[in-house]
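This report concerns only the one structure given below.
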Amino acid sequence: MNTKVLLVAFALVTGLFFTSCNKDDDTVPKPVISEMELGTSNSHIGIIGSDLHVEAEVTAEAKISKIEVLIHQEDNNDAWTSDSIYTEFAGLKNTTFHKHIDIPLTVTAGTYCFHFIVTDENGQQSSIEIEDLTIQAPSDAVAPTISITSTPTDDQVFSTGQTISISGSVSDNIALGGIYIGLVRVDQALADASVNDGNTITLLHNHDFPTPTSYSFSASIVVGATMDNNITPKAATWTPGNYYIVIKSKDSFGGNWTFSSHYPIVII
C-alpha cells in the first residue's frame, strides 16, 4: 500500500514538474522593435513648424495592445512635450508603424529625448529610447510679402474724430513672426527698421496668427484717440502735421523684415 502511495505521489510530482517546464517553454516573448527610423533618412532631426517622421517594424507574439511615442526634454518641465498613444494596431502580431508628428511653431529648439514604447496584450513592454533628437528652426532667407487692398488717398487730410484706416494682408513661405503698422510723423526722420511701438502711434501690432503663413488685416484708429492699438495700448500723442503709415513684417525663423511703401496723410 505504501509503495503504491509513493508511486502515485512520485507521478504527481513528476507531472507537476513537466507541466511547470512546459509553461516556462510556452512563455510568450516581449514585443520586438526593429528598423527604427527617426527623422528624414533617420537623421534624428525635426524642424519646427513641420513634422517628425517616425517609422519602425513591430512584432508582438502576444499581439499589440498599444504603441506610445513620447518626446520631451530632460530636466525641463516647461519645454514642449508630445505624448501620443496609438491603439489602431491593437490585435496585430506585426505591423509597420509609420507616423508624422507635428512640431508646433511654439516649440523651443534644442535636444529632446524620444521614447517608442510597445505594450502587448499580456502587459509586457518593449521600448527604444533615443536621447539625441534635435529640434531646430528651419533656414529661412525669404522675407514676408505685404499686399495692400485699401489706404487713405495720398496726403488725405484728417481731423479730430475722423478714422484713419488701412487693410491688406501679409504672407510668408514658412511662417510669419510679426506685423506692425505705425503712424509716423515725417519730422521724426525714422528709418523703417527703427519704427516700433515705442516711437509711433500704433494702428496694429500682432505676433499671433491663426494661419502661420498668411494674415489678413484691417487696421484703423480715430484721430484724437487717447490710447493707440498696441498689444498693450499706450497713450497716443497727436501733433498736427505731415504723417505717413508704414507696415513692417518679419518671418519666424530668419528674422527677415519687409517694409511697405509710405502712405502719406496730413493731420490738422
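Bear in mind that the values in this text are calculations on the coordinates, not laboratory data. A quick note: this is a predicted structure, and the numbers were derived from the prediction, not measured. Virtual Cβ from ideal backbone geometry, glycine too; neighbours counted across all protein chains shown.
Data for the structure
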| item | result |
| --- | --- |
| Rh by Kirkwood over Cα pairs, then Stokes-Einstein D for the range 28-136 at 1.002 mPa s and 20 °C, µm²/s | 151 µm²/s |
| Nearest 10 degrees, 0 to 90: helix 2-25 Cα axis against the chain principal axis | 30 degrees |
| Gain in span if fully extended, residue 207 to residue 167, counting 0.36 nm per residue against the direct Cα distance | 12.7 nm |
| Kirkwood-Stokes translational diffusion coefficient of the chain, alpha-carbon pairs, 10 °C, 1.306 mPa s, µm²/s | 67 µm²/s |
| Sites residue 153 and residue 95, calculated FRET efficiency, Cβ-Cβ separation with R0 51 Å, nearest 0.05 | 0.20 |
| Stretch gain in nm, segment residue 121-residue 141, where the contour uses 0.36 nm per residue and the Cα spacing is subtracted | 2.2 nm |
| Residue exposure sequence - 111, 119, 59 - by fewest surrounding Cβ within 10 Å | 111, 59, 119 |
| Whole-Å semi-axes of the range 145-267's equivalent ellipsoid (Cα gyration tensor) | 24, 14, 14 |
| Inter-part distance where the range 112-149 and the range 196-246 are each reduced to a Cα centre, Å | 37 Å |
| Semi-axes of the equivalent ellipsoid for the range 114-211, Cα gyration tensor, largest first, Å | 50, 16, 13 |
